[in-house]
Every structure is written in structure tokens, then in C-alpha cells.
Amino acid sequence: MNHLLRSLGQAATDEGFMLTGVAPAVSSSGFSRLVDWIECGYAGSMDYFANRLSAYEHPRSVLDGVRSLVVLMYPYDASSRSVPVSGHGRIARYVGDGRDYHDVIHPKLRRLGKLIASEHPGATVRGIVDTAPLMEREVAVTAGIGWQGKNTLLLNRHHGSYFLLACLLTSVELPTSEPHASSHCGTCTACLDACPTQAFPRPGVLDATRCVSYLTIEHDGPIAEDLRHGMGDWLFGCDVCQDVCPWNRKISRRSMTLDRITQSLAAHPTSGDSIHELAIASLFELDDAEFRARFRKTPFWRSRRRGMLRNAAIVLGNQRSKSGIPPLQQGLHDDEPLVRGASAWALGQIGGELATESLRSRGEMETDGDVASEIIAAISVAESQQTS
């Protein structure tokens, strides 16, 4: 078994994973906390948690006969990004070069799974990347990878938190790693204090309904008005609670992570402009078919066109630049009420005669009650700016 672990570890390194550990397949010790979290309403519209709740109790729900779980860390670019200029938004670092990370990691897991099967004919193996009912972070702690920080993310003393977790479940019983028994957050509350929407009711608990990542990616309806300003420039996802974490500030750690990223990108070249340099206005030019063609294989597809345009409108509203008016005028006449409502709010934030006139003109023909209310409120905000 030690030979298999060495071979697996080397193969994992060759595939670009930073660290591996092995956890036994046992019942989840944090299952009751998951139940409490759902009952508090913190899961928001992520019904898949409640719909398959019992499956989170034991890894056997993911793979029948599982005896061991190999946990792997896959890095993403942790380099600093400049504050976006007007007309551009922030995109979470995990988006990387724009490819869907599931499409990148799953083939690597399949190759590692074949290695296990080659040495243990008849063994069953399944690789997962956050798509199955598994308590990945809890398993990672048991596998000795790190500890769960106050922002609920997994932290490692040498690699911070800028990585994705993947797991190989197998029926082969492998020697287990020493669990990570301590937390190294100490009295630090930087992540909790910096959250722009106060999404942490207490350390180690995330109210997803207030989290910018949830709002811009998972949430499919209008974003509550009291949370819109907190979104700031974030077009997709959010890194604030990671950016302020002291464990993510080590130069040596960042350098090593970038070396891994460079090797990975060299092996998988991409073409086209960086998704991080996307001009927000260009999103309003795309219909559903064009959006699908451009973003089907990227993380943006998770939010679909309507969600991305909603996010784009709110970012433009927060930036309050007159250059944002033309795309928002397009959004104000979009087929999707979600996009029209967000565009109306944003025009109200920018204000001025052109924005106000656009809102009044649309208000005369708007048939959706919720959008009509957004327009009325936006006109009021715009007019108050003119008189102040």
C-alpha cells in the first residue's frame, strides 16, 4: 500500500496537484451542523443540500463500498489583481484562465483512478470535484490537509486557501494520514471584518444569502437592495475574505503556486482574450445563443446570461460612471425582467438627465410589476441626486 501511495502522490504532483492526504470512509462528524445551517436558512436557494441531505452522512452515498478517500489540492492563480477600471468588474481568482475547472480536474482524477485500478484489479474508484454530496472540507481536515478557517474555507499553513479540493473515493483501504488537529486562525478576525455584506453571523458560519459569491453565482433572482452596494465591483464571485487572510500573504507560497499554474497553463494553452479583462458592456450585446457560444465552457455558464447581466448592471451602478449608461439602456429593454430591474436600479445610481429620461420612457411601457417598482424607485434616487 505504501508503494501505491508513493506512486499516487507522484502522479498527483505530475498532474498539478499540490498536496495529497488520505482519510478513512467514516460517518460525518459535522453532519448535525450542516442540518442546523440549512434550518437557519443559510443555504438560500441551494436546495440540493436539503434535497439530498441524508447522503452527506457517509461517503458510501457517493461510492458504495468506499473505504478510503484521497484528498487533493489543485491551485489557482493567487497573484494580485489591480482594481478594475470603470466598465470592468472583478472576477474571483478561481476562474483562472476561463476554463471550467471541472473540465480541467476530472480528466486528472480519471487518470489517477486508473492508477489505483491497475494495481488493484476489481477496485472501484470515483473522482469528484464539489458536485457530489460529500463534506469535502471536513474530509480534508481528517486527511491532514489543513483546518477550516473562520471564513469556512480550508486553510493550509504553506498554501493558504487559493486552491480547489478534489477527492478520489475508492474501495481500496489505504493508510490514512494524520488528521489536522488544530486551527491557526488564533484571535484574527480579518476575514469576518472585511466581508462587504456581513455574511458571517459568527466565526465558522456563512450565511450564503448575504455572500457576494452566492449572490453573483448561485442566486437566480433579484439581489436584495441592501446588498447591492456591498457587491462593489464584483461581477462574478468574491475573494475578499481570502485576500485579507494572513495565510494568503506569504511570498514564497504565492511564488510556488504560480509555478504550478504556469506549468499547468503551458500544458493546456488557451486562446482569446482573458476573461478577467472582459468589458462589462460587451455582455449586453449578447443574446442567449451568443452567450452560450462564448461562455458555455466557462464558470460564467453557472450564472447564465440573465444572472451575468444582472451582476453587470449592479457593478455599473456601483461604479456610477456616465459611460455605463448606454449598456444599461440596452439592459432596460432586455427580454429578461431580472436584467431590466437591475439596469433600472443602476441607472438610478448613476443619475443625470439621460438616465432619468431613459427610466421614465421605459416606465411608460413596462408591464412587469416588480420592474415597474424598480423603475419608480430609481427615478426617485436619480432626481434626488439632481437636487442635492
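The values are calculated or read from the model by the stated rules, or taken from the named source; none is laboratory data. Keep in mind the model is a prediction, meaning the values are calculated, not measured. Glycine gets a Cβ as well: all are built from the backbone with ideal geometry, and neighbour counts include every protein chain shown. The protein model used for the area step is the full one, side chains on, heavy atoms only, and it has no ligands, DNA or RNA in it. Shrake-Rupley method; radii C 1.70, N 1.55, O 1.52, S 1.80 Å.
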Highest mean packing first, using Cβ neighbours within 10 angstrom, the peptides 236-244, 2-10 sort as 236-244, 2-10
At 10 °C and 1.306 mPa s, the Stokes-Einstein diffusion coefficient in µm²/s for the stretch 1-152, with hydrodynamic radius from the Kirkwood sum on alpha carbon pairs, is 90 µm²/s
Here the relative contact order (percent) of the chain, from C-alpha pairs under 8 Å and at least 6 apart, is 18 percent
Taking protein heavy atoms only, a 1.4 Å probe, and rounding to whole percent, the accessible area of the chain owed to carbon and sulfur comes out at 50 percent
In Å², rounded to a whole number, the accessible area per residue of the chain with probe 1.4 Å is 46 Å²
Honestly the stretch 298-388 on the Cα gyration tensor test (a ≥ b ≥ c root eigenvalues; a/c under 1.5 rounded, otherwise a/b vs b/c for prolate or oblate) is just oblate
Given the candidates VAL129, MET231, PRO196, the one whose Cα lies deepest towards the positive end of the charge dipole of the chain, counting +1 at each Lys or Arg C-beta and -1 at each Asp or Glu C-beta, is VAL129
Rounded to the nearest Å, the spacing of the alpha-carbon centers of the stretch 85-150 and the stretch 44-77 is 11 Å
In Å³ per residue, the alpha-carbon convex hull of the stretch 125-246 encloses 119 Å³
Residue ranges of DSSP H helices in the chain that stretch 27 Å or more (Cα, own long axis) and have mean Kyte-Doolittle hydropathy of at least 0.5 are none
Output ordering of 14-25, 355-366 (per-residue mean of other Cβ within 10 Å, highest first) is 14-25, 355-366
Ranked output for segments 182-189, 378-385, 49-56, 327-334 by mean other Cβ atoms within 10 Å, highest leading, reads 327-334, 378-385, 49-56, 182-189
With +1 at each Lys and Arg Cβ and -1 at each Asp and Glu Cβ, the charge dipole magnitude of the chain around its Cα centre, to the nearest 20 debye, comes out at 1400 debye
Calculated from DSSP helices alone, with each H run of at least 4 adding -39500 (n - 2.57) and the total divided by the residues of the chain, [θ]222 nm to the nearest 500 comes to -12500 deg cm²/dmol
Summed over the other residues with a beta carbon less than 14 angstrom from that of LEU53, with K and R at +1 and D and E at -1, the charge totals -2
For the stretch 109-171 the trypsin sites (Lys or Arg not before Pro) that pass both the DSSP coil test and the at-most-12 other-Cβ-within-10 Å test are ARG157
